[in-house]
Amino acid sequence: MLLDKLEAINSRFKEVAQQITDPDVISDMKRYIQLNKEYKDLEEVVEVYHEYKNVMDNIKSSKEMLANEKDEEFREMAKLELDELTERQSNLEEQVKLLLVPSDPQDGKNAIVEIRAGTGGDEAAIFAGDLFRMYLKYCEKKGWKTEIVDMNEGTSGGYKEVVLNVSGNKVYGTMKYESGVHRVQRVPQTETQGRVHTSAATVAVLPEADEFDIDLKPSDIRKDTYCSSGPGGQSVNTTYSAVRLTHIPSGLVVTCQDQKSQLKNLDKAMGVLRTRLFDMEYKKYLDEIASKRKTMVSTGDRSAKIRTYNYPQGRVTDHRISLTLYNLSAIMDGEIEEIIDALKMAENAEKMKEGVA
């Protein structure tokens, strides 16, 4: 029964609330952070539980009044109230079902967004730049903070590669749907014949790992410094502020040259390295989920073509859910909420139908 499930969640919520005030828990930072996250995750469900319980109690009172009241005026009032309460009960039950859909444990994290030019030469780099601008605009609308970690500019504009750190409320749970290959169909700026070309860029959205997710040993990391390139004023090519980190066991290499300070670049590079190592483990989790589900909206398969941006027709198509919108200019200006909401709904419906955790 739904009420039994909610009461069990409420009991756990009270238990967690008590634990996070325990001095022994506070002194164990890893456990304290985990419990705080659980507290926040349960809080929304508990708020709905209290409202749902209140509605159920009122329904019971209204039914008792209808059974015992003789006065027709009071009976009519009770009947109207019961109709309203029953509708509210139905709405709350739908809300609760969605809240109880098992969520990805990483959804509440910040994210690192990596955009890379794919097939299409200079035009692919220009398109990667367009996607970068689209995400910056979207993040601005959401009130999220963005920081460039690393960039490699294209010869005719845009970027061969750009890495962005995004922080805010449930960033990864929203941005993860953007992982995959994005295709563009348009007449390139570099094309003189006026023919429509197809180019591509790859987007990878990784949940940002915090220091408790990955145990990084200093002995496993080789640090190199070099001169920054690109915009940055007088310090460019004069100070060794850019940082390259190599994780020896995995062979992963991370660079950061966005800041003028070597220490700041080192801090950012360590964050990206931690995230990419965490992502290697996280991919195993995603693969396990995908093997249980035939058509998962956000499997994290970054080789899959997920969306096409067709400029001649002003059309954007998301291939995962066969959604086509004819407002390309608004979408490229950061209006991607409608697409993400539709993907979230499709994934939730899939989870509810299959009951897969």
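The values are calculated or read from the model by the stated rules, or taken from the named source; none is laboratory data. All figures in this text were calculated on a predicted structure; none of them were measured in a lab. Glycine gets a Cβ as well: all are built from the backbone with ideal geometry, and neighbour counts include every protein chain shown.
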Of residues in the range 255-273 being surrounded by 18 or more Cβ atoms within 10 Å (Cβ to Cβ) and of a type in the set (D, E, K, R), the one nearest to the chain's Cα centre (by Cα): Lys268
Being assigned to a strand (DSSP E or B) and at pLDDT 90 or above is the filter; apply it to the range 135-150 and report the residue that is farthest from Gly108 (Cα to Cα). Ile148
Can you name the residue in the range 338-357 that is modelled with pLDDT of 85 or more and aliphatic (A, V, I, L, M) and, of all such residues, is farthest from Thr174 (Cα to Cα)? Ala346
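Quick one: would you say Leu80 is surrounded by 14 or more Cβ atoms within 10 Å (Cβ to Cβ) and either assigned by TED's automatic domain parsing to the domain that holds Ile9 or among the small types (Gly, Ala, Ser) (or both)?
Working: surrounded by 14 or more Cβ atoms within 10 Å (Cβ to Cβ): no; either assigned by TED's automatic domain parsing to the domain that holds Ile9 or among the small types (Gly, Ala, Ser) (or both): yes.
Judged against the criteria, Leu80 is not a match.
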Hits in the range 127-171 (condition: farther than 30 Å from Lys37 by Cα and basic (Lys, Arg)): Arg133, Lys160
Index of the failed condition, Arg116 passing every other in (1) within 30 Å of Glu153 (Cα to Cα); (2) surrounded by fewer than 15 Cβ atoms within 10 Å (Cβ to Cβ): (2)
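Please pick out the residue among Arg88, Arg75 that is modelled with pLDDT of 90 or more, basic (Lys, Arg) and farther than 21 Å from Lys170 by Cα. Even if it seems obvious, please write down each step before you answer.
Values: Arg75 fails: modelled with pLDDT of 90 or more.
From the options Arg88, Arg75, the qualifying one is Arg88.
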What's the total number of residues in the range 151-164 that are at pLDDT 90 or above, surrounded by fewer than 17 Cβ atoms within 10 Å (Cβ to Cβ) and outside any strand (DSSP E or B)? 0
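Considering only residues that are among the polar types (S, T, N, Q) and either at pLDDT below 80 or assigned by TED's automatic domain parsing to the domain that holds Asn327 (or both), which ones fall in the range 258-311? Even if it seems obvious, please write down each step before you answer.
As a first pass, look at the range 258-311 and keep what is among the polar types (S, T, N, Q): 259, 261-262, 265, 275, 291, 295, 298-299, 303, 308, 310.
Across the range 258-311, the qualifying residues are Gln259, Ser261, Ser291, Thr295, Ser298, Thr299, Ser303, Thr308, Asn310.
Please state which one of Gln106, Gln89 is in contact with a Phe, Trp or Tyr (Cβ under 8 Å, 6 or more places away or on another chain), under 24 Å from Val254 (Cβ atoms) and surrounded by 14 or more Cβ atoms within 10 Å (Cβ to Cβ). Let's see the steps before the verdict.
Values: Gln89 fails: under 24 Å from Val254 (Cβ atoms).
That would be Gln106, the only listed residue that is in contact with a Phe, Trp or Tyr (Cβ under 8 Å, 6 or more places away or on another chain), under 24 Å from Val254 (Cβ atoms) and surrounded by 14 or more Cβ atoms within 10 Å (Cβ to Cβ).
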